[in-house]
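The next block holds one structure in the form of structure tokens; read it before the comments.
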Amino acid sequence: MPIPTEPVGSLPRPATLQAAIKDYDDGKITFEQLSREQDAAAADSIKRGEATGEPIISDGEQRISSFATYPLADTLAGTGLAENLAGDGQFFAIFDDGHHRQLPRLTKGPFRYKHYAVEFLEKARAMTSRPLKQAVIAPSMLMLLYPLDGELSGYSREQFHAGLIDEAEKDIRTCFAAGAERVSVDFTEGRLALKNDPRNPWTGRNMLQTFVDLNNRLFARFTPGERVNIGVHTCPGGDCDSVHSAEVDYADMLPSLFKMNAGYFLIQLASEQNKERIYKIIGENIRRDADGVKQVAFIGVINPLNPRVETAQEVADDLVLAAKYIPKDQLGSTDDCGFSPFSIDVKPKHGSPDVARDIAFEKITSRVAGTKIAAEKLGVS
């Protein structure tokens, strides 16, 4: 398909899996029992993903606690927290519906991942012969594990950052070594960094440039040929059908986003009020030479927070309009966000996680079909 398309990553976990996670946290079942539920959900995700016609698939992140915490703990509740971490860290985000998600807190050095994304990718690889992608967390998110002010005794902020980049590089390289076609780096904290929420102190620290610089330290570890297949995902959050930073103007954030030397970008757009304005901003800032790699913008054409299934024609119309501003050879399509970035998500607007799961595959099918229609209309098929 000349216009590339791919998912961001996560799918809603079945209600049975979410119940099993709670039972594991409560000590009612063993990890082996939980793993069987995860395996079943991952296998179903892959099978149904293949049926959509998606050219590159994933396991829907059925085995991980969340996009942000998979390296740190076994579950979202903090069961099996990694060494040198405590559970009482700062909020990652406070969502518009009032709920929040919290990060652990680094208590001392050194910092090491407990889990690497390759652990989940290898299990998915055994379930399909189709091309696979893997989402990983950005070092800019995990830098929030360190106290905002002062330094830990015997473990400086720079020591932490250096160790964090080493771990993030390992996370990506091991995925490629295990057969991943693409690896995308979750960067939802980028837009949130401009919100300046008084309830959430780190958002008032003007950290966007710090985030970009830290992530570029990671990308500098990879050649241009490698970075072609390393992406960055941005969105205003997506959890329990709510967001955390949609009011932040993309005009203030996107120029910084494209300063990261990644090969492609997965950008929430389907739920934006004025999409054409944002397409224009993307076209003005996307680079044909980002330290040796041509950047590609995968625009969001599917809204995972809305139960209504977009038609293939609506998807095609968005892409054709975007092509007025974004060069056709730098244009792709994606979903606005993962469908459930956190493992426990009841999907209230959908009625249940199982209903949301069915809808997700319908939406993906529309994205794939609509992208083909757009490619034909734009003469790149």
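Each value in this text was obtained by applying a stated rule to the coordinates, not by laboratory testing. This one's a predicted model, so the numbers in the text were calculated from it and none came from an experiment. Note that each Cβ is placed from the backbone with ideal geometry, even for glycine, and that neighbours are counted across all protein chains shown.
Please work out the Cα center distance from the range 147-176 to the range 184-201, rounded to the nearest Å. Each part reduced to its Cα centre gives a spacing of 19 Å.
Helix-only arithmetic for the chain: the sum of -39500 (n - 2.57) across DSSP H runs with n ≥ 4, divided by the residue total, places the mean residue ellipticity at 222 nm at -11000 deg cm²/dmol. Applied to the range 314-320, the Karplus parametrisation 6.51 cos²θ - 1.76 cosθ + 1.60 on θ = phi - 60° returns per-residue 3J(HN,Hα) values of 4, 4, 4, 4, 4, 5, 5 Hz, with x for Gly and Pro. By the rule of a second cysteine Cβ within less than 4.7 angstrom, the chain holds isolated cysteines at Cys175, Cys240.
With a ≥ b ≥ c the root eigenvalues of the C-alpha gyration tensor of the range 286-365, is it rounded (a/c under 1.5), prolate (a/b larger than b/c) or oblate? Here the range 286-365 falls in the oblate category.
So, in Å, what gap is there between the alpha-carbon centers of the range 17-38 and the range 311-367? Centre-to-centre (Cα) distance: 29 Å.
I need the shape label for the range 87-137. Rule: rounded when a/c is under 1.5, else prolate if a/b > b/c, else oblate, with a, b, c from the alpha carbon gyration tensor. Since a/c reaches 1.5 but b/c is at least a/b, the shape of the range 87-137 is classed as oblate. The range 55-122 gives an Rg/Rh value of 1.02, both radii derived from C-alpha positions and Rh following Kirkwood.
Look at where the Cα atoms of the range 101-141 and of the range 257-295 average out, and the two centres are 25 Å apart. Semi-axes of the equivalent ellipsoid for the range 167-300, computed as √(5λ) from the eigenvalues of its C-alpha gyration tensor and ordered from largest down, come to 24, 17, 15 Å. Residue ranges 345-355, 115-125 sort as 115-125, 345-355 when ordered by packing (mean number of other C-beta atoms within 10 Å per residue, highest first). Quick one: which of Lys328/Lys372; Lys324/Lys372; Lys259/Lys280; Lys22/Lys170; Lys280/Lys328 span more than 21 angstrom between C-alpha atoms? Correct reply: Lys22/Lys170. Fully extending the segment from Glu362 to Asn216, taken as 0.36 nm per residue of separation minus the present Cα-Cα distance, adds 49.0 nm.
Neighbour counting of Cβ atoms within 10 Å sorts the residues Thr371, Thr234, Thr52, fewest neighbours leading, into Thr52, Thr234, Thr371.
Does the range 1-153 come out rounded, prolate or oblate, given a ≥ b ≥ c as the square roots of the eigenvalues of its C-alpha gyration tensor, rounded meaning a/c under 1.5 and, failing that, prolate meaning a/b above b/c? Judged from the Cα gyration tensor, the range 1-153 comes out prolate (a/c at least 1.5, a/b above b/c).
In the distance distribution for the chain, Cα-Cα pairs more than 25 Å apart total 52 percent.
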